[in-house]
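Okay, so here's the structure we're looking at.
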Amino acid sequence: MTHDKHQDSIPERRFRLGTRRSPLAMAQAHEAQALLARAHGIDPAHIEIVAVTASGDRIQDRALAEIGGKALWTKELDAWLAAGEIDFAVHSAKDVETIRPEAFTIGAILPREDVRDVLVGAASIAALPPGAVVGTSAPRRAAQLLHARPDCRVITFRGNVATRLAKLAAGEADATFLAAAGLNRLGETGTGHPLDAEDWLPAPAQAAIMIECRADDQTARAFLCAVDHAPSRTQVLAERALLAGLGGNCHSPIAVLTRHEGADLLMRAALYSPDGAEHVTGEARFAADDAQGPLDLAADLLARAVPAIAVHFAGARALEE
């Protein structure tokens, strides 16, 4: 599509971009604003950033799963989007619930960043001292750690990157995990030791920025389409489909890595019991546009999962019925 056609298809309209107020969310909002402005040849000022303090940012003393799960990151922005107070909302894709209101659609997935986790406080999982105390609020990271190092102890670490690094510096834990993508977007590239994604599978949709708009807002959909990154969208939608098939929630330790191989996707996934004692792994190769591929992998994993794992997935109950 030529530059002029883009200009013709988007009326002279100012867009309001909704985002959470945390430093990483604001960095992601500015990244989206800059990409959209460049794609349409407009001044970034035509895209106003509107920030909200999400419930998940306000409540820092408890694990997310205890206080309402992923909706704590989205409900304020959802209300603004539904009411027309913003035109689209920018999210970390891994924080967006699998089942979304029908009134919304994914207008764009931006180019995916580094999917790896970073270990801060030790050079590797093996290098953690015996009995190390590790801070994380992610069930996946806790289960993966306890699977590899059952001698370690996990304590809850909530808060943004700076808060968690400050807790570590204060000696509340020996080590913690952060997402490489978040560190990169905040300019903290020298922090910690990245873990090989092939050995330490990331979270579903980790490192991807998702932009949602109202499904009936054709102007916003056309505007966002210009920055939709097809390979990243394919991976993220496949991983979200896996989540949907598993019936996982924020209590469910799920790890997945998806790679493009020619026209296909190669997806490797692992489910854990929360204490890390049990796990089941599987992989599948399917065409990039095959919506059934991730669901088949989910069914395979659940069919082989022991009860200590299956109890944390609604999809397992669906298999039994």
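Read-outs throughout are calculated quantities, based only on the coordinates presented, and are distinct from any laboratory measurement. Predicted, not measured: the structure shown is a model, and the values here were computed from it. Here Cβ is always computed from backbone atoms with ideal geometry, including for glycine, and neighbour counts include all displayed protein chains.
A few remarks follow.
- Taking amide H atoms as placed 1.01 Å from N in the peptide plane, the amide H of Phe104 lies under 5 Å from those of Ala215, each 5 or more residues away in sequence or on another chain.
- Positive-end residue, the chain charge dipole about Cα centroid, Cβ charges, pick of Ile47, Ala287, Leu110: Ile47
- Mean Cβ neighbour count within 10 Å, used as a protection proxy, ranking 159-172, 130-143, 178-191, 198-211 highest first: 198-211, 130-143, 178-191, 159-172
- You can think of it this way: the chain between Ala308 and Glu48 has 88.9 nm of extra reach, that is 0.36 nm per residue less the Cα-Cα gap.
- Computed magnitude of the charge dipole of segment 128-225 (debye, nearest 20; Cβ of K, R +1, Cβ of D, E -1): 260 debye
- Measuring between their Cα centroids, segment 95-149 and segment 213-246 lie 21 Å from each other.
- When the P(r) of segment 240-320 is calculated, the portion above 16 Å amounts to 45% of the C-alpha pairs.
- Dividing the summed helix terms, -39500 (n - 2.57) for each DSSP H run of n ≥ 4, by the number of residues in the chain produces a 222 nm estimate of -10500 deg cm²/dmol to the nearest 500.
- As computed over segment 138-244, the Cα convex hull volume per residue (Å³): 151 Å³
- Rounded to the nearest 20 debye, dipole of the chain from Cβ charges on Lys, Arg, Asp, Glu: 620 debye
- The mean sequence separation of alpha-carbon pairs under 8 Å and at least six residues apart, normalised by the residue count of the chain, gives a relative contact order of 20 percent.
- Derived scalar couplings ³J(HN,Hα) [segment 265-271; Karplus, 6.51 cos²θ - 1.76 cosθ + 1.60; whole Hz; x for Gly, Pro]: 10, 10, 10, 10, 9, 9, 10
- Amide H contacts for Ser137 (H built 1.01 Å from N in the peptide plane; partners 5 or more residues away or on another chain; cut-off under 5 Å): Phe157.
- The average projected area of the chain, computed from the convex hull of its Cα atoms over all directions, is 16.6 nm².
- Long-range amide H partners of Ile49 with built H, under 5 Å: Leu17
- Sequence of Cys152, Cys213 once ranked by neighbouring C-beta atoms within 10 Å, starting from the fewest: Cys152, Cys213
- Short-range pairs are left out: with C-alpha atoms under 8 Å and at least six residues apart, the relative contact order of segment 117-194 is 47 percent.
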